[in-house]
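These notes are about the structure you will find just below.
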Amino acid sequence: MSTRSIVQAYMDKMCSGDFAGAFELFDPEGKYTIIGDTPASKTYIGIKGVQEGLFPLLSEGFTGPPTIKLLELIIDGNRGVALATGSAPAKYGTYTQKHYAFVFKVENDKVTELIEFMDPTQLHTKVFGQQLSPIPA
């Protein structure tokens with residue numbers, strides 16, 4: 001399969017709400033990184049790491065499934081970028097991502113690396129209920 005078809009299949013599953021199915025496209029030792037310094041921000045290793053580390057953490061803060069809309073795919077060799085938007089009902093308000101970028105690396109027909117770039121403030125405030133401090137004058 002081509003990088004484009006694997007990235008497209010992953011994003012199709014994400015956009016349809018089949019998050020577990022999307023991670024079936026991962027290499028068993030694939031790396032999934034969420035940027036920032038939120039409680040969810042780190043690198044998860046393999047499907048098991050995502051299922052045991054990330055899914056339970058996010059399921060505590062989201063009150064409904066996220067809705068993701070793919071805007072554009074950019075593919076170059078074994079790398080791909082999916083630009084998207086998303087939102088979800090969350091414990092502390094509506095989680096809204098106006099700009100997602102999912103950066104993929106594909107090898108041997110599996111996702112071996114995925115880095116999720118987004119506004120981490122949305123995770124801090126809407127999912128984890130953390131208050132942000134105002135900038136002192």
- Selection count where residues are free of Cβ contacts under 8 Å to residues at least 60 places away in the same chain and crowded, with 16+ Cβ neighbours inside 10 Å, scope the stretch 120-137: 2
- Return the only residue of ILE115, ILE35, ILE6 being touching a strand residue (DSSP E or B) at 6+ places or on another chain (Cβ under 9 Å), surrounded by 18 or more Cβ atoms within 10 Å (Cβ to Cβ) and at negative phi. ILE6
- What helices (runs of 4 or more DSSP H) lie completely within the stretch 1-112 and have 2 or more residues being hydrophobic (A, V, I, L, M, F, W, C) and touching a residue at least 40 places away in the same chain (Cβ under 8 Å)? 3-15
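Give the stretch 67-79 a look and list any residue that's surrounded by fewer than 17 Cβ atoms within 10 Å (Cβ to Cβ) and either polar (S, T, N, Q) or within 12 Å of the chain's Cα centre (by Cα) (or both), or say none. Walk me through it before giving the result.
Of the residues in the stretch 67-79, the ones surrounded by fewer than 17 Cβ atoms within 10 Å (Cβ to Cβ) are 67, 69, 71-72, 74, 76-79.
Within the stretch 67-79, THR67, ASN78 qualify.
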- Note on the structure: Within the stretch 9-20, the residues that are surrounded by 13 or more Cβ atoms within 10 Å (Cβ to Cβ), out of contact with any helix residue (DSSP H, G or I) (no Cβ under 7 Å at 6 or more places or on another chain) and modelled with pLDDT of 95 or more are ALA9, MET11, ASP12, CYS15
- Task: Tell me which residues, restricted to the stretch 113-131, are closer than 12 Å to ILE35 by Cα and either in contact with a helix residue (DSSP H, G or I) (Cβ under 6 Å, 6 or more places away or on another chain) or assigned to a loop (DSSP other than H, G, I, E, B) (or both).
- Result: MET118, ASP119
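Could you please give the count of residues in the stretch 102-117 that are of a type in the set (A, V, I, L, M) and over 18 Å from LYS42 (Cβ atoms)?
Narrowing the stretch 102-117 to residues of a type in the set (A, V, I, L, M): 103, 106, 111, 114-115.
Filter once more, keeping what is over 18 Å from LYS42 (Cβ atoms): 106.
Looking only at that region, the number is 1.
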- Those residues of the stretch 21-32 which are surrounded by 16 or more Cβ atoms within 10 Å (Cβ to Cβ) and of a type outside the set (Ser, Thr, Tyr) amount to ALA22, PHE23, LEU25, PHE26, ASP27, GLY30, LYS31
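One line per residue, one yes/no per condition, for (1) over 23 Å from SER5 (Cα atoms); (2) not aliphatic (A, V, I, L, M):
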{"position": "THR38", "(1), (2)": "yes, yes"}
{"position": "ILE68", "(1), (2)": "no, no"}
{"position": "GLN97", "(1), (2)": "yes, yes"}
{"position": "TYR100", "(1), (2)": "no, yes"}
{"position": "ASN108", "(1), (2)": "no, yes"}
{"position": "GLU116", "(1), (2)": "no, yes"}
{"position": "PRO136", "(1), (2)": "yes, yes"}
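The values are calculated or read from the model by the stated rules, or taken from the named source; none is laboratory data. This is a predicted model, so every value here is computed, not measured. Cβ coordinates were reconstructed from backbone atoms using ideal geometry, including for glycine residues, and neighbour counts include every protein chain displayed.
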